[in-house]
Amino acid sequence: MLNIRKVGVIGAGTMGAGIAAQVANAGVPVVLLDIVPEGANNRNALAEGAVARLRKAEPAAFMHARAEKLVQTGNVEDDLGKLADCDWIVEAVLERPDVKQALYRRLEEVRRPGTAVSSNTSTIPLGLLTKGMSAQFRRDFLITHFFNPPRYMRLLEIVGGEDTAAEVLDSVADFADHALGKSVVRCKDSPGFIANRLGIYWIQRATVEAFDQGMTVEEADAIVGRPMGFPKTGVFGLIDLVGLDLGPQVNASMRRVLPKEDAFHSVDRESPLIARMIAEGYTGRKGKGGFYRMQKSGGARVKQAIDLATGEYRPERKADLPEIKAAGRDLRALLTAPGRVGTYAFRVLAPTLAYAASLIPQAAESVVDVDEAMRLGYNWKQGPFELIDRLGTAWLVERLNAAGFDVPPFLQHAVGKTFYRVDKGKLQYFGQDGAYHDVVRAPGVLKLEDIRRGAKPVLRNGSAQLWDIGDGVACFEFTGKSNTLDDQVIDLLGKAIETVKARFKALVIYNEGENFSLGANIGLALFAANMAAWGEIEKSVAAGQKMLKALKYAPFPVVAAPAGMTLGGGCEIALHADAIQAHAETYIGLVECGVGLIPGWGGNGEMLARWQAEKKLPRGPMPAATKVFETVSTATVSKSAFEAREQKFLRESDGITMNRDRLLADAKARALKLAEGYAPPAPPEFVLPGKAGRLGFRMAAEGLHRRGIATAHDLTVADALAEVLTGGEADIRDRLTEQQVLDLERRAFVRLIRTGPTLARIEHTLETGKPLRN
């Protein structure tokens, strides 16, 4: 296997720069080169400018500030020699075979034989790219098709040619998997590969049918969006996101390379409206607007949508389609809804699913690859073959035939069967040979969804479950909406602690939701507050504190494995674990101040203990308290797990996993290692800054209030937080126990929830999902 220790990227456009940033995020040095701009004084201007844009990008391209230092810039005229010691060179230049081949010939003069070279092309066949190149180059060459933005889109399509060495393919795939966090799908060398081949057809069909069926852009997006399990942007919102000008270029490329009998040609229709929009600069979000745009009116920003019939903009109108609500989650009901809603839904989705079936075997080996590509490349909740299973193969084929659409042989072959089934607890897929085959995970991948198929939970209630994941390790899973935490979670956690004591070596806290946890269920807190059940609220807070400390001091190791949003109580649970094994894309923070509260389950003390142990801080009680006050009062949330280390939500010793699919296995391995000779931690003691420190925090908050940054109620919340972090009535010479800090925290929490402004914040957040600045 090739050991990839340094990477080169040629082409500092959006994709090339993003790929370089993700390599740097993995801690690997990367050389980023581009051409020399004509007449430029700075010959590295394009590459340096790309890094400057990455630094300011939203969402952030770099996971941490140190990553930027790993990017070395240059140009292809002076610095091609810097690629000589690279183990993998990624080309992301203009989508023209002649331009790419000219670059490859120059690379041959500087690279080491055996160095992997790949193109990030999305449409050009590999055979065309390597035509006329040396045997050694063809051996080392492959296609690595990243999706934009490279940091956040998990799909990586890899294509090898007839001459590509297996070692090169495997080495790049392994590096992309472990270091870059990609889900690698191996594709055939066919036009558009998998995701774009199907995605382009889907977008084109949805667009053409919207014009033909007289849909508004809002109606089309309402149908071809969440009801089908596709992103809420729908199709026209998606086109605005990627850019209207990209569509004609991609369509032209597909038009040239796809065989005449391909179904794409049936929807390959140029739109005069779209051509005019592009010519006038309406290229989507990157331009003056697209199918949607924002306009100023009377001092406010108003969203407008284009009328597909007239080509004129008008105020956006929410789609009023009762058929969607009536269908609910019944996909068949949506596709058979009366009138143009059902007609549009059917004529977009049904032929798209048929087209997906036509890609086997010409573009993909299995339905698993196609589904994975669309879930991760286009953010579909379910892949096309999973959607077919929801509709039923026989039903779909019958309806396709009746509507005059072609039915691919593979889909016809599956009539009466499902593309997926569970046999003896194992997930299987329907293969080209007509038989079922086990879905095989890569070595080192452990998924809770697979465990669920073959086992029953050890414990469960309405909000959580405990699973046996093997080798003496148990897994505690949140199951409520958005994985929010309530009394049932706390109750089952107590039972889980006793069960793990008796039957297991260690505990992992993990789930496979989009987010680890959005925190405590504040809706329940609001309900109790509206009933003036103050005593019950305090009991609930005390129970949470007690349970998290029981978790912390349990006679077995606990590893939290968060991914995604890990907020409030979810963050506090992670803080009480012996170790955290976090996915790189973990956004963690104590955000209670945003709803007029403070952390109530021990989060303040855990953060104080971490900052007090920081040797780089000045001595004395005030610096640590100040760090926690700044982080908690501003509801700071890390933008990555690496940033969470800097903020002390993660310790330096905590682990970070780049690939989401490997998180549970890594956390389990960490737990087993900790179980060897495990002893619970010693309780901390706190020396806090006392009343003088509280006065200092109050003065700082009042300064922000005078500048209009902090609101009146922010001062109240900040004072309550300061009381906890400075020790209440304690003197600076006093030592406080962990329980004393918990008592201060609990009393401050309950005091705040009894205030009208806090209750207004909670209610507003529940109704709008946004904070109230009161």
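Find the eigenvalues of the gyration tensor of the Cα atoms of segment 680-751, then list the square roots of 5 times those eigenvalues as equivalent ellipsoid semi-axes, largest first, in whole angstrom. Please report the intermediate quantities before stating the final value.
Numbers: eigenvalues 131, 37, 18 Å².
Equivalent-ellipsoid dimensions as semi-axes: 26, 14, 9 Å.
Which one, GLN739, ALA305, LEU485, projects farthest toward the positive side of the charge dipole computed for the chain from Cβ point charges (K/R +1, D/E -1)?
The listed residue farthest towards the positive side: GLN739.
Could you state the angle between the C-alpha long axis of helix 97-107 and the longest principal axis of the C-alpha atoms of the chain, as a value from 0 to 90 degrees rounded to the nearest 10?
Compared with the principal axis, the helix lies near 70 degrees.
Which order do the peptides 676-686, 95-105, 734-744 take when ranked by the mean count of other beta-carbon atoms within 10 Å per residue, highest first?
In descending order of packing, they fall as 734-744, 95-105, 676-686.
Can you list residues from other chains, or at least 5 along the same chain, whose modelled amide H is less than 5 Å from the amide H of ARG186?
Answer set, sorted by chain and number: ILE158.
Please report the relative contact order for the chain, taking Cα pairs under 8 Å with a sequence separation of at least 6, and give it as a percent rounded to a whole number.
Averaging sequence separation for qualifying contacts and normalising by length gives 8 percent for the chain.
For segment 431-523, what is the Kirkwood hydrodynamic radius in Å, using each pair of distinct C-alpha atoms? Mind dumping the intermediate values first?
Numbers: mean 1/r = 0.0682 Å⁻¹.
With all distinct Cα pairs of segment 431-523 included, I get 14.7 Å.
Which one of ASN120, GLY74, CYS86 has its Cα pushed farthest toward the positive end of the charge dipole of the chain, where Lys and Arg give +1 and Asp and Glu give -1 at the Cβ?
GLY74
Roughly what angle does helix 340-358 make with the longest principal axis of the chain, taking Cα atoms, 0 to 90 degrees, to the nearest 10?
70 degrees
For segment 28-177, with only Lys/Arg (+1) and Asp/Glu (-1) charged at the beta-carbon, what is the dipole magnitude about the Cα centre, in debye rounded to 20?
360 debye
How do the peptides 291-299, 575-583, 760-768, 479-487 rank, highest first, by the average count of neighbouring beta carbon atoms within 10 Å per residue?
The peptides rank, most packed first, as 575-583, 479-487, 760-768, 291-299.
Could you give each residue of segment 485-492 its phi-based ³J(HN,Hα) in whole Hz, using Karplus coefficients 6.51, -1.76, 1.60 with θ = phi - 60°, and x for Gly or Pro?
10, 9, 5, 5, 4, 4, 5, 6
Is there a quick way to get the dipole size of segment 259-304? I mean about its Cα centre, with the Cβ of Lys and Arg at +1 and of Asp and Glu at -1; what is the value in debye to the nearest 20?
Charge dipole of segment 259-304: 560 debye, to the nearest 20.
Can you give the Kirkwood hydrodynamic radius for segment 126-185, in Å, rounded to one decimal and based on Cα pairs?
12.1 Å
Tabulate in residue order the Karplus-calculated ³J(HN,Hα) for segment 758-774, using 6.51 cos²θ - 1.76 cosθ + 1.60 with θ = phi - 60°, rounded to whole Hz; enter x for Gly and Pro.
5, 5, 5, 5, 4, 4, 5, 5, 5, 7, 10, x, 10, x, 9, 9, 10
What angle, in degrees between 0 and 90 and rounded to the nearest 10, separates the Cα long axis of helix 14-25 from the longest principal axis of the Cα atoms of the chain?
Approximately 40 degrees, to the nearest 10.
How compact is segment 508-613 by the rule of thumb for globular proteins, expressed as Cα Rg over 2.2 N^0.38 Å?
It is 1.09.
Which of GLY544, ALA12, ILE194 sits closest to the plus end of the dipole of the chain, meaning its Cα is farthest towards the positive end, when Lys and Arg get +1 and Asp and Glu get -1 on the C-beta?
My answer, from the dipole projection, is GLY544.
Could you check how many percent of all C-alpha pairs in the chain are farther apart than 45 Å?
Value for the chain: 31 percent of Cα pairs lie more than 45 Å apart.
Ignoring ligands, DNA and RNA, what accessible area per residue does the chain give at 1.4 Å, in Å²?
In whole numbers, the chain has 43 Å² accessible per residue.
From the phi angles alone, apply the Karplus equation (6.51, -1.76, 1.60; θ = phi - 60°) to segment 312-325 and give each ³J(HN,Hα) in whole Hz, x where the residue is Gly or Pro.
Values, residue by residue: 9, 7, 8, x, 4, 10, 5, 5, 9, 10, x, 4, 5, 5 Hz.
Would you mind computing, in nm to one decimal, how far apart the modelled labels at GLU95 and LYS501 are, each placed 7 Å from Cα along Cα→Cβ?
Modelled inter-label distance: 6.2 nm.
Return the ratio Rg/(2.2 N^0.38 Å) for segment 265-344, where Rg is computed over Cα atoms only.
Output field value: 1.42.
Counting only residues 5 or more places away or on other chains, whose amide H sits under 5 Å from the amide H of VAL31 once H atoms are built in the peptide plane?
VAL7, GLY8, VAL9, GLN72
Given an 8 Å cut-off on Cα distances and at least 6 residues of separation, report the relative contact order of segment 549-669 as a percent. Present the calculation step by step, with values, prior to reporting the outcome.
Details: 208 pairs, mean separation 38.7, N = 121.
The normalised contact order for segment 549-669 reaches 32 percent.
Could you sort the peptides 13-23, 126-136 by per-residue average Cβ neighbour count (10 Å cutoff), highest mean leading?
Order by mean packing, descending: 13-23, 126-136.
Past the 14 angstrom mark, what percentage of all C-alpha to C-alpha distances in segment 371-427 do you count? Could the numbers behind the result be given before it?
Numbers: 975 of 1596 pairs.
In whole percent, the share of Cα-Cα pairs in segment 371-427 beyond 14 Å is 61.
For segment 52-140, just run the numbers: alpha carbon Rg, then divide by 2.2 N^0.38 Å, N being how many residues it has.
1.24
Is any residue of segment 412-439 close enough, with backbone N under 17 Å, to a label point placed 7 angstrom from the Cα of ASP406 along the Cα-Cβ axis, and if so, which?
412-413
Let me check I have the definition right: for segment 288-418, take the eigenvalues of the Cα gyration tensor, multiply each by 5, take square roots. What are those semi-axes in whole Å, largest first?
35, 18, 14
Please get the size of the charge dipole for the chain, origin at its Cα centre, with Cβ charges of +1 on Lys and Arg and -1 on Asp and Glu, quoted in debye to the nearest 20.
For the chain, the charge dipole is close to 1140 debye.
Would you please calculate the Kirkwood hydrodynamic radius of segment 100-211 over all C-alpha pairs and express it in Å, rounded to one decimal?
For segment 100-211, inverting the mean 1/r across all distinct Cα pairs yields 15.0 Å.
The values are calculated or read from the model by the stated rules, or taken from the named source; none is laboratory data. Just so we're clear, the structure is a prediction, and the values are computed from it rather than from any experiment. Methodologically, a virtual Cβ is constructed for each residue, glycine included, from the backbone with ideal geometry; neighbour enumeration extends over all protein chains shown. With ligands, DNA and RNA removed, areas are computed over all heavy atoms of the protein, side chains included. Shrake-Rupley method; radii C 1.70, N 1.55, O 1.52, S 1.80 Å.
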